[in-house]
Amino acid sequence: MLFGIEWDTTSNGLFAVSILPILLKGMLVTLQATVLGFAVAAVLGLLLAGLKASRLRLISWPARLVTEFIRDTPLLVQLFFLYYVLPEYGIVLPAFLTGALALGIQYSAYMSEVYRAGIESVVRGQYEAARALDLSPLRTFTTIVLPQAIPRIIPAMGNYLVSIMKDVPVLSVVSVVEMLNVAKIIGDRTFNYLIPLSMVGGLYLIMTLVAAAGVRYLDNRLPKQGIPLR
């Protein structure tokens, strides 16, 4: 029994049905960590991309160094740092939030490069037209550049969304009870690993296929051509 749910181990079919509810609870944790981690990566990645694009080396170089450091160090090291080191300085976060932040920080470095590619794909004429209309750099970036850059990088962002989802099981090392961790606990207690792990693989396949379909839908729906300036 786990979380008040009894398991019927008399047959594989009944066993699978009996553990499905608890695996779905673990799947919900996986999805929550994925969404929160992706949101952090998207926002922080955009911030890093903007800083790296600065003409001031005092701003761009530190941003590049931070990006390289994040990208070149393992996710597990960053996770342990947030979970074990920050409390020594009085910053204590729940395990779930710590794990989601670690995912977001790790993937923000990759997302910043995706943003950079999207921003550089916007034709220079758009910047010149915005300057001719006396638009501020901030307004040019938020209303002219980003609306054109984002649709072009949807596929790459979707790939990182799926990657974050598949990296969520790493959070089990800091006691986050996500779907794979639930399956491992069930296997430890019933000595039957085949059924729960197979079900987790199937659920992950469903989630990734749904996510990929959603990304394709957005990619097809969002316009990618330049926007007129008025």
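Among the residues of region 167-177, is there at least one that is farther than 30 Å from residue 143 by Cβ, loosely packed, with under 15 Cβ neighbours inside 10 Å and not basic (Lys, Arg)?
Yes, some residue in region 167-177 is farther than 30 Å from residue 143 by Cβ, loosely packed, with under 15 Cβ neighbours inside 10 Å and not basic (Lys, Arg).
Would you point out which residue out of 197, 180 is part of a helix (DSSP H, G or I), at negative phi and buried (at least 18 other Cβ atoms within 10 Å of the Cβ)?
None of the others qualify; the one that does is 180.
Consider only pairs whose beta carbons are under 6 Å apart and that are at least six residues apart or on different chains; among these, list those whose first residue lies in region 72-101 and is β-branched (Val, Ile, Thr) and whose second residue is part of a helix (DSSP H, G or I).
98/82; 98/83
Tally time: how many residues in region 45-74 are under 17 Å from residue 159 (Cα atoms) and buried (at least 17 other Cβ atoms within 10 Å of the Cβ)?
So the count comes out to 2.
Would you kindly identify the helices (runs of 4 or more DSSP H) lying entirely within region 61-155 that contain at least 2 residues that are modelled with pLDDT of 90 or more and in contact with a Lys or Arg (Cβ under 9 Å, 6 or more places away or on another chain)?
95-120
Please name all residue pairs, on different chains or six or more residues apart, with Cβ atoms under 6 Å, provided the first residue is in region 169-197 and is within 14 Å of residue 19 (Cβ to Cβ) and free of Cβ contacts under 8 Å to residues at least 40 places away in the same chain and the second residue is assigned to a helix (DSSP H, G or I) and of a type in the set (A, V, I, L, M).
Pairs that qualify, where the first residue is within 14 Å of residue 19 (Cβ to Cβ) and free of Cβ contacts under 8 Å to residues at least 40 places away in the same chain and the partner is assigned to a helix (DSSP H, G or I) and of a type in the set (A, V, I, L, M), are 197/183.
Tell me which of these residue 206 doesn't satisfy, since it passes every other one: (1) among the β-branched types (Val, Ile, Thr); (2) under 30 Å from residue 11 (Cβ atoms); (3) at pLDDT 90 or above; (4) surrounded by 13 or more Cβ atoms within 10 Å (Cβ to Cβ).
(4)
What is the one condition in (1) surrounded by 19 or more Cβ atoms within 10 Å (Cβ to Cβ); (2) more than 23 Å from residue 152 (Cα to Cα); (3) of a type in the set (A, V, I, L, M, F, W, C) that residue 105 does not satisfy?
(2)
The values are calculated or read from the model by the stated rules, or taken from the named source; none is laboratory data. From a predicted model like this one, the values you see are computed outputs, not experimental measurements. Ideal geometry is used to build each Cβ from the backbone, glycine not excepted, and the neighbour counts take in all protein chains shown.
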